[in-house]
């Protein structure tokens, strides 16, 4: 999943620029809401070529794409539901801080760290 971005991959974003970006969910992921209200996200994962070759030595050829699940807690579920392709990171942080009566910096650290983890897993991208 590739998003166009006005910032090149070699340039570092400032904090202010990063907070203006809009998180967007990966269209290849799917979500399921459990009875408890928390979200479970399924997302595809591609095996590294050397791992696929190693597995093929011992098993029949298998698809190179697998899937994983990530179960979010209640706070993660809340942030995940705010990712709608319209709200900026700043908007999500402000809403989260207001809802949980947190200081701005405290909410900013928690939300941006969570979004960074989702990005590392390929579950979200950021649009400028």
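Every number here is computed from the coordinates shown, using simple stated rules; none is lab data. Nothing here was measured: the structure is a model prediction, and the numbers come from that model. Because the Cβ atoms are built from the backbone with ideal geometry, glycine has one as well, and the counts that use them run over all protein chains shown.
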Counting other C-beta atoms within 10 Å, which of 88, 74 has the fewest, and how do the rest follow?
-> 74, 88
From fewest to most C-beta neighbours within 10 Å, the residues 45, 40 line up as 45, 40
Sort 96, 114 so that the residue with the fewest other Cβ atoms within 10 Å of its own Cβ comes first and the one with the most comes last.
-> 114, 96
